[in-house]
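Contents: one structure, followed by commentary.
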Amino acid sequence: MVKEIGDFLSDQEIELLEKTFHPSVRSYKRGEILPIRKSEMRKVFFLLCGTAYLIVEDASGETQILNYFVKGQAIYYSAMVQPNNGHCYVVAKYPCRVASLNMNQLRSFRQMPPAGSLSHLPEFIFQSCVAGLQQHCHILQQKTTRNKILAFLHFQSLHQAGPSIKLPIPYSDLADYLAVDRSSLMKEIARMCQEGLIEKQSRLITLLVTTPYF
């Protein structure tokens, strides 16, 4: 079982981060790749708004969504393992505003009094990056489409603190993330609704079962 990690900064923490560090902020349009130069590999990026995807592309040009980032999450390239036969990159799914900080700034801040409760940022950054990939691996290990869906909803219910879940990504991208066909995904969701496991209204899904799927 994957350790459940809180990997989002609150609105108050984001505001405090901007006031404390005065980070560089850049906006990205939909579909724009977040370019990271070698000199920036030790920087950490915080999503202030929008949604971005971590994409893996193999040598043949096939892509898959490895992870997604929403407001309050951290992107740290040095914590990402590049595949042997391909490469990873981050792209804006929707328009994004991204703040960047040098990791050394955060380490120095950690030695200061914990005013504002930001002293946990170095651990938060690592956990935020690793937890998402761990959860994705756990989801992909499920043998059926239903269990993949339930695993995904389970983690979302933890993140969103309740059984009513607003999907953070569209169904077409969710199918890619779960490594299933979109039509199979939608058919399984319809069956789960008929069986009383979930309720669905557009991208709002409510879990009606409390028994863990695993």
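Summary table
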quantity: Matching residues in the range 143-164 - criterion: being touching a residue at least 24 places away in the same chain (Cβ under 8 Å) and in contact with a Lys or Arg (Cβ under 9 Å, 6 or more places away or on another chain); calculated: T145, R146
quantity: The range 21-65, residues that are open to solvent by 50 Å² or more (accessible area, probe 1.4 Å) and at pLDDT below 85; calculated: P35, R37, K38, S39, M41, R42, K43
quantity: Selection count, the range 156-170, where residues are of a type outside the set (G, A, S) and over 11 Å from the mean Cα position of the chain (by Cα); calculated: 7
quantity: Answer residue from the range 171-214, given it is among the small types (G, A, S) and either closer than 27 Å to L47 by Cβ or within 21 Å of the chain's Cα centre (by Cα) (or both) and is surrounded by the most Cβ atoms within 10 Å (Cβ to Cβ) among those; calculated: A175
quantity: Helices (runs of 4 or more DSSP H) fully within the range 114-214 counting 3 or more residues that are touching a Ser or Thr at 6+ places or on another chain (Cβ under 7 Å); calculated: 182-194
quantity: Tabulated pairs, the range 47-58, first free of Cβ contacts under 8 Å to residues at least 12 places away in the same chain, second buried (at least 19 other Cβ atoms within 10 Å of the Cβ), C-beta under 9 angstrom, 6+ apart or interchain; calculated: none
quantity: Flag if A175 is in contact with a His (Cβ under 8 Å, 6 or more places away or on another chain) and not acidic (D, E); calculated: no
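The values are calculated or read from the model by the stated rules, or taken from the named source; none is laboratory data. Because the structure is predicted, anything quoted here is derived from the model rather than measured. Glycine gets a Cβ as well: all are built from the backbone with ideal geometry, and neighbour counts include every protein chain shown. Quick note on the areas: whole protein, heavy atoms, side chains included, nothing else; ligands and nucleic acids left out. Shrake-Rupley method; radii C 1.70, N 1.55, O 1.52, S 1.80 Å.
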